[in-house]
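Below you'll find the structure, written out as structure tokens, and then a few comments.
The values are calculated or read from the model by the stated rules, or taken from the named source; none is laboratory data. This structure is a prediction, so every number in the text was calculated from the model and none was measured. Positions of Cβ are backbone-derived with ideal geometry, glycine not excepted, and every protein chain shown enters the neighbour counts.
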């Protein structure tokens, strides 16, 4: 089962700069060979369910290994059984409506 | 690694009544023997990471098997490396502060 | 417009104990006279849209006033135009299906 | 108080195509003159707290006016009291670490 996820990881009990921790998660996703895109409030990831969630568990583990005592993440998880849809398809679908290319 | 999750599953492309789908997910969690509590905006679950996420994948699969073409879920995921904390501990910790039992 | 919200506030750049901050938010909600219920991963709130979101802004303000430099919160927001539904109704609706009282 | 929000609106009780509803929300944000960016799992918005949340209420209202009986949205909400940070700053901060430009 393919999944599209938005992952936002917040380390608790560290300083206010979160970018070292977000960067560490991006490296996990890259090493796993997953398709992902960073945005201002998280990272969108697409792939097979088990591979994506194994990577997310590893993000939590890597942050704990960096000394973070408490990791809190927010996820949005989408699956479809009717058709295959990529992250790019989702964006294009909205943009075409805004540009009047689709009714 | 132990995890505490808040799971909120929204089937897309069905009617406005979501309770049959939420009930189907509760049955999955019960069959897996996980500890969980239903609340007005989701279900709190605690357990080992892999068992919890296997159950969540099965919730998506069960909804697709019920004819839902698109399943969207929102998750909050918390892990700690400093100490073991249950869902009940989290609530008691806040309630003790409100009642003045803790400074 | 009535709204049912799940609010989960995470202060960033403080220690690992979040309960003083959650308790401060509960006090804001109580002072506003809103109906709310604490659960293991957040607080469910119901009320008029503007009153609920004014209270949530005040939660962020109170945490900053307590010295938290960065406040991150996750919200689930539900509105209906077809009928009035309370937080208790939502839970009962699922429980009735699980107990077999509704088909 | 400035806020950076990730808004993901899911209409319940409609078909599986969500893009007409997401496009309607984008038009609300554009009319309000807010700074926003569409991504694969939502829309990032930055602006003054009250303006952003007035726009989000209007998104719910517009969807109900389009005939959607039930609207469910997920929000991530970030505020800072220590410094001004834009959505672009957040992304650059992570990218600089990944490229080795920051330690």
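Looking only at strands (runs of 3 or more DSSP E) that lie completely in the range B:30-103, which have at least 2 residues being at the interface with chain C (Cβ under 7 Å from one of its Cβ atoms) and touching a residue at least 40 places away in the same chain (Cβ under 8 Å)? Break it down into steps so the answer makes sense when it comes.
Details: elements: B:35-39, B:42-48, B:70-80.
Strands (runs of 3 or more DSSP E) meeting the threshold: B:70-80.
(1) within 13 Å of chain B (Cβ to nearest Cβ); (2) more than 12 Å from the chain's Cα centre (by Cα); (3) not in a helix (DSSP H, G or I): which one isn't true of residue C:14, the others all being true?
The failed condition is (1).
In the range D:13-27, how many residues are in contact with a strand residue (DSSP E or B) (Cβ under 7 Å, 6 or more places away or on another chain), buried (at least 18 other Cβ atoms within 10 Å of the Cβ) and at pLDDT below 95?
Going through the range D:13-27 one residue at a time, the tally reaches 2.
Looking at this structure, is residue D:43 under 28 Å from residue B:71 (Cβ atoms), surrounded by fewer than 19 Cβ atoms within 10 Å (Cβ to Cβ) and touching a strand residue (DSSP E or B) at 6+ places or on another chain (Cβ under 7 Å)?
Working: under 28 Å from residue B:71 (Cβ atoms): yes; surrounded by fewer than 19 Cβ atoms within 10 Å (Cβ to Cβ): no; touching a strand residue (DSSP E or B) at 6+ places or on another chain (Cβ under 7 Å): yes.
Considered against the rule, which asks whether it is under 28 Å from residue B:71 (Cβ atoms), surrounded by fewer than 19 Cβ atoms within 10 Å (Cβ to Cβ) and touching a strand residue (DSSP E or B) at 6+ places or on another chain (Cβ under 7 Å), residue D:43 comes out as no.
Looking at the range D:66-83, can you tell me whether even one residue there is under 20 Å from residue C:64 (Cβ atoms), in contact with a strand residue (DSSP E or B) (Cβ under 9 Å, 6 or more places away or on another chain) and surrounded by fewer than 20 Cβ atoms within 10 Å (Cβ to Cβ)?
Of all residues in the range D:66-83, those under 20 Å from residue C:64 (Cβ atoms) come to D:75-83.
Those still in the list that are in contact with a strand residue (DSSP E or B) (Cβ under 9 Å, 6 or more places away or on another chain) too: D:75-82.
Now drop any that are not surrounded by fewer than 20 Cβ atoms within 10 Å (Cβ to Cβ), which leaves D:81-82.
Yes.
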